[in-house]
Every structure is written in C-alpha cells, then in structure tokens.
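Notes to accompany the following structure.
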Amino acid sequence: MPKSIEKYDLIGRCDSSSLSLQLNYFFMPDIRFYKYHGAGNDFILIDNRALMFDAKNVQLIEAMCHRRFGIGADGLMLLQNSAKYAFSMRYFNSDGHEATMCGNGGRCIVAFAEKMGLIDKDKLFGFEAVDGRHEAICQTDYVRLRMVDVNGIEELDGAYYLNTGSPHYVSFHTQIDGLDVFSKGREVRYSDRFKPKGTNVNFVEIVGDGDIKVRTYERGVEDETWACGTGCVASVLTDYYVRGKKTNYQVTVLGGELKVSFEPVSKGVFKNIWLDGPAKFVFEGYYSF
C-alpha cells in the first residue's frame, strides 16, 4: 500500500484519544541522515539542532540501525546545540537505547560537524558528550579526539576493568584472530559481575611495544564491531599499566588502524588521552517510515 494511503488509513481508523499521535505521525517528515564510519565502526548521523528527531523512539532508532531492514549501523548520533561549546553529541546503540561515550562515534560526529560548517579544519575546538567535554581536531578524513581522563584500573581474576567514557573489560591473549569473540564476549558481558548494565569486552594481542591488536564485543550492539574507540583506549592503557613501555600506540582492529597516546600520572591514572584515526563520510539520504 502506498505510504500516503497508509497514513490516511491510520487517521481514519483512530479514535479521538490517539488522533493527536496519528496526526503527528502523518506530518512527520522523512529523516535526513548521513552515514559515516571510523575504521569500520559505522554510524548514522542526524543534524538535530532543531530538535525534530524523536530521541525517545527506541523502535525507530533500532529500525534505522538494522542491517537487513534499515540503513545499517552500529549506532546513531544526534548533533545538537550546546550553550557552551560548538555542539553537543548524543549517542544511541543499535538497540535503540541512549548509551555512554563512543570514541569512534565522537570522531565521526566531529567530521560531520565540519561538513555542516560548525567547525573549521585543523583547529582545536570543544564539544560536549555524555561523559563531559571533549576536544578535537578535524583533518581531511581524519580526526584526533581527546578522551576523558582515566582515574584507575581494577584488577580482576586474569583480566582488568576500567572506564574510558564507557566501561571496558580487558583480557590478554597470545593470538586473537581465531577467537570466538561473540560467545566469549557475551559470556563476560552478561556475567553476574557486571549486572545489571553489563560491560564492553576487549580481547588483546600484544604485537610489540606500543603495538597491539584488539577485538571488541560491544554491549548495546550485542556483537563484535569492526572497531571500538573507547575499547582501544582501554586496551592501550591496560597494556601500559601491566608492562609500562611506550605512551604512543598503534592499534590494529578489524576495520583498520587507530592510534592512541597519553600521559601517565600515577599507577592506573592517565591524562591527555588522544584517540586518532579515520572518520569517513559514506553516503547520505532520507529515511522513510
């Protein structure tokens, strides 16, 4: 049935108590979106400075992120106005729920803000996210993002736990290429230790000093992603916590490479943490629903 007829039919069949809701649905425009990725970690970006997008509509966000019936993405971000900074970032996982900080998402929304004319290339600026203020520098298809300080690393039985804007479990392995990240990650994510909210789970292989490989199971996506920015930061800081070698790292993920640098303050405490890597525009369009 054509979309216009379908909407008229909805209004014709509604009772008075739901008429307002159906009229809102009828007059709601198609959603303009932009698709970006950071090392294969992909996102839907929406300019929501006019506050037209219904951020409480979990089903809508989940449908847009669906890889078979929607646009397809690990998450969705809203770029909104900020009273203090260049813009404000709101991040939603692909399950439709608003989430904690996303590092690669932060880098992609910076590239999006440059495309929208809100910031200038090669100039340091600030924006706000759920975990506070961030600084960034946007270059061509490449973004440097300053992350929040880390104030401690918890030692677990054979693993580590810390918060880099999002909670992360980190474990080290001799070889991660053949690892069943989905099953092992899901087991940790839903374990009693991390209930009720769960945690992201990182599996790390040490390649050399300042050189690691990382695979991550992300909560909210409930699967392995091709890259996780906050997870890469957590893995790097944990490796330094254990081995204390270099303060500049190359991190290999399924979707490419990221770089992390930092300043150690004391054991398990770090500041001036930077996450660097690609942030690329893929396509744009309108989403009809």
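The values are calculated or read from the model by the stated rules, or taken from the named source; none is laboratory data. Since the structure is predicted, the reported quantities are computational estimates derived from the model, not experimental observations. Positions of Cβ are generated from backbone atoms using ideal geometry, with glycine treated the same way; all protein chains shown enter the neighbour counts.
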So, in the range 234-253, of the ones that are part of a strand (DSSP E or B) and either of a type in the set (Val, Ile, Thr) or in the same structural domain as Ile137 (by TED's automatic domain parsing) (or both), which residue ends up surrounded by the fewest Cβ atoms within 10 Å (Cβ to Cβ)? Thr252
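Residue under question is Lys271, and the condition is that it be surrounded by fewer than 20 Cβ atoms within 10 Å (Cβ to Cβ), modelled with pLDDT of 95 or more and assigned to a loop (DSSP other than H, G, I, E, B); does it hold?
On the way: surrounded by fewer than 20 Cβ atoms within 10 Å (Cβ to Cβ): yes; modelled with pLDDT of 95 or more: yes; assigned to a loop (DSSP other than H, G, I, E, B): no.
Answer is no for this residue.
Go through Glu205, Glu222 for me and flag whichever is of a type in the set (Asp, Glu) and touching a residue at least 60 places away in the same chain (Cβ under 8 Å).
Details: Glu205 fails: touching a residue at least 60 places away in the same chain (Cβ under 8 Å).
When all the criteria are applied, what remains is Glu222.
On the given criteria, is Thr100 among the polar types (S, T, N, Q), under 19 Å from Val201 (Cα atoms) and not assigned by TED's automatic domain parsing to the domain that holds Val251? Spell out how you get there, then give the answer.
Values: among the polar types (S, T, N, Q): yes; under 19 Å from Val201 (Cα atoms): yes; not assigned by TED's automatic domain parsing to the domain that holds Val251: yes.
Considered against the rule, which asks whether it is among the polar types (S, T, N, Q), under 19 Å from Val201 (Cα atoms) and not assigned by TED's automatic domain parsing to the domain that holds Val251, Thr100 comes out as yes.
Scan the range 40-67 for residues that are under 12 Å from the mean Cα position of the chain (by Cα) and of a type outside the set (S, T, N, Q) and report the count. I'd like the intermediate steps shown before the answer.
Narrowing the range 40-67 to residues under 12 Å from the mean Cα position of the chain (by Cα): 40-45.
This time we only want the ones that are of a type outside the set (S, T, N, Q), so: 40, 42-45.
Residues in the range 40-67 being under 12 Å from the mean Cα position of the chain (by Cα) and of a type outside the set (S, T, N, Q): 5 in total.
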Members of the range 210-233 found to be buried (at least 22 other Cβ atoms within 10 Å of the Cβ) and either hydrophobic (A, V, I, L, M, F, W, C) or within 11 Å of Val260 (Cβ to Cβ) (or both), listed by number: Ile212, Val214, Ala227, Cys228, Gly229, Thr230, Gly231, Cys232, Val233
Take the range 215-233 and flag every residue that is in a loop (DSSP other than H, G, I, E, B) and of a type outside the set (Lys, Arg). Gly220, Val221, Glu222, Trp226, Ala227, Cys228
Pick out the one residue from Ile137, Ile153 that is in contact (Cβ under 8 Å) with a residue 40 or more places away in the chain, surrounded by 17 or more Cβ atoms within 10 Å (Cβ to Cβ) and either farther than 30 Å from Gly117 by Cα or of a type outside the set (Lys, Arg) (or both). Ile153
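Taking the condition in a loop (DSSP other than H, G, I, E, B), among the hydrophobic types (A, V, I, L, M, F, W, C) and under 22 Å from Ile46 (Cβ atoms), does Leu145 pass? Don't jump to the end; show me each part of the working.
Details: in a loop (DSSP other than H, G, I, E, B): no; among the hydrophobic types (A, V, I, L, M, F, W, C): yes; under 22 Å from Ile46 (Cβ atoms): yes.
Spelling it out, it is not the case that Leu145 is in a loop (DSSP other than H, G, I, E, B), among the hydrophobic types (A, V, I, L, M, F, W, C) and under 22 Å from Ile46 (Cβ atoms).
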Regarding Gly256, is this residue closer than 17 Å to Gly40 by Cβ, touching a Cys at 6+ places or on another chain (Cβ under 7 Å) and either surrounded by fewer than 20 Cβ atoms within 10 Å (Cβ to Cβ) or not assigned by TED's automatic domain parsing to the domain that holds Ala63 (or both)? no
Unique residue being part of a helix (DSSP H, G or I), charged (D, E, K, R) and within 23 Å of Ala73 (Cβ to Cβ) when the list is Arg193, Arg186: Arg186
Residue ID - surrounded by the fewest Cβ atoms within 10 Å (Cβ to Cβ), chosen from residues in the range 114-134 that are assigned to a loop (DSSP other than H, G, I, E, B) and of a type in the set (D, E, K, R): Asp122
Please work out which residue is farthest from Phe112 (Cα to Cα), limiting yourself to the range 44-96 and to residues that are acidic (Asp, Glu), outside any strand (DSSP E or B) and touching a residue at least 40 places away in the same chain (Cβ under 8 Å). Asp95
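Out of the residues in the range 274-285 that are touching a Lys or Arg at 6+ places or on another chain (Cβ under 6 Å) and under 21 Å from Lys115 (Cβ atoms), state the one that is surrounded by the fewest Cβ atoms within 10 Å (Cβ to Cβ). Spell out the reasoning first.
Initially, the range 274-285 is screened for residues touching a Lys or Arg at 6+ places or on another chain (Cβ under 6 Å), giving 274, 276, 279, 282-283.
When the remaining residues are screened for being under 21 Å from Lys115 (Cβ atoms), the result is 276, 279, 282-283.
Values: Asp276: 20, Ala279: 30, Val282: 12, Phe283: 9.
By that ranking, first place goes to Phe283.
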For the range 160-177, give me the residue count where each residue is surrounded by fewer than 16 Cβ atoms within 10 Å (Cβ to Cβ) and either in contact with a helix residue (DSSP H, G or I) (Cβ under 9 Å, 6 or more places away or on another chain) or modelled with pLDDT under 95 (or both). 0
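From Asp30, Asp15, Asp47, which residue is in contact with a strand residue (DSSP E or B) (Cβ under 7 Å, 6 or more places away or on another chain), modelled with pLDDT under 95 and surrounded by fewer than 20 Cβ atoms within 10 Å (Cβ to Cβ)?
Working: Asp15 fails: in contact with a strand residue (DSSP E or B) (Cβ under 7 Å, 6 or more places away or on another chain); Asp47 fails: modelled with pLDDT under 95.
Going through Asp30, Asp15, Asp47 in turn, just one is in contact with a strand residue (DSSP E or B) (Cβ under 7 Å, 6 or more places away or on another chain), modelled with pLDDT under 95 and surrounded by fewer than 20 Cβ atoms within 10 Å (Cβ to Cβ): Asp30.
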